[in-house]
Amino acid sequence: MDFKGLDLNLLVAFDALMEERNVTRAALKAAVSQPAMSAALSRLRTHFADPLFIRSASGLLPTARAKEIGLHVSKALNELANLLLPDEIFSPEGIKTSFTIGMSEYPLMVLLPGMMKAINQQAPGVTVHIRTFVDRDESVSLLDAGKIDMAVGIAPSQAENRILSLPLFSDEFVTLVRKDSEAAKNGMTLETYLSMGHILVSPEGHHYGLVDEQLRSQGLSRELRLTVPTMFAVAEVVQQTNYVATVLKRSVLISEKSDKVVMFKPPVDMPEILFHLLWHRRSTDGGAQKWLRTLICAQSGELN
């Protein structure tokens, strides 16, 4: 199949290279010869005008462009496989089963309610057990041990071939102040920001975060007045104090106190945070698992 000059079979080769980080192993995974895989990589590099993979002592390292492409290729290939190669007929309406899903705090707040509504409508006999985790890499050990069926959270710090993933949704940081504060009236400048007492959300219990890293890169620092492990009560604390907090936007929008605070773009550069669906390769083909992954992806699409 040809799409705008690109043989879509090359995307299968690309996906194998992203997973294996080795031409020989990628060739075995894609069921082609090693010369064919090398040729596919050469064509991919030409098409995207990027090296895509750089050789290193630890294997092929994907470039920034490859990582960007990889977010979409894996999802597209999974969707095509489900569409074109249904290996079993699965109907969720009458099933009686349970799933254990690992979730960090933020997906619990913004994704779980809509997800459970959809599960209740489509498969009322399904029971869901939620297991929380703090460290992003803990999801891998939980999946390896079979303690969870899948996880929703920030991608692990290191890619593992046995752990599959799909990007679900992202969110941006906002800075909160009380609605009747001077900052709300006059605007949020970096000078105002640094003059205020700060709330830090740190599930790990750290006394520093992304904001502090950005400030340190400029030789600046802030004064912490409160550290908390969750975002749950942040908007309410801000509403009752002169403190400022920088948190993910949707955590504020779903708060009962969202109308009592004002949101600003942070006066320091902050990255968007991307959340992924993660599952173990050994459970990738189960009909019930596929159905639940599809449902979670659909609900995540409602957030974007």
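Hey, could you check region 49-88 for residues that are exposed (fewer than 10 other Cβ atoms within 10 Å of the Cβ) and over 22 Å from the mean Cα position of the chain (by Cα) and say which is modelled with the highest pLDDT? In this case the residue turns out to be Ala49. Within region 184-211, the set of residues being part of a loop (DSSP other than H, G, I, E, B) and free of Cβ contacts under 8 Å to residues at least 60 places away in the same chain comprises Met196, Ser202, Gly205, His206, His207, Tyr208, Gly209.
Conditions tested, residue by residue: (1) assigned to a loop (DSSP other than H, G, I, E, B); (2) of a type in the set (Lys, Arg); (3) outside the structural domain of Val140 (by TED's automatic domain parsing); (4) over 24 Å from Ser157 (Cβ atoms).
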position	(1), (2), (3), (4)
Arg225	no, yes, yes, yes
Thr230	yes, no, yes, no
Thr241	yes, no, yes, yes
Arg250	no, yes, yes, no
Glu256	yes, no, yes, yes
Lys290	no, yes, no, yes
Arg293	no, yes, no, no
Ala298	no, no, no, yes
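Among residues of region 228-241 that are among the charged types (D, E, K, R), those with a beta-carbon under 6 Å from a residue that is surrounded by fewer than 21 Cβ atoms within 10 Å (Cβ to Cβ) and at pLDDT below 90 at least six positions away or on a different chain give the pairs Glu236/Lys257.
Within region 256-304, the residues that satisfy the criterion of being surrounded by fewer than 16 Cβ atoms within 10 Å (Cβ to Cβ) and touching a Lys or Arg at 6+ places or on another chain (Cβ under 9 Å) are Asp259, Arg281, Arg282, Thr284, Leu303.
Exactly one residue out of Leu274, Leu220, Leu200, Leu210 is of a type outside the set (S, T, N, Q), farther than 24 Å from Ala123 by Cβ and more than 25 Å from the chain's Cα centre (by Cα), and it is Leu220.
As for region 89-104, it holds at least one residue that is part of a loop (DSSP other than H, G, I, E, B) and modelled with pLDDT under 75.
The values are calculated or read from the model by the stated rules, or taken from the named source; none is laboratory data. Just so it is clear, the structure is predicted and the values come from calculations on it, not from any experiment. Backbone-built Cβ (ideal geometry, glycine too); neighbour counts: all protein chains shown.
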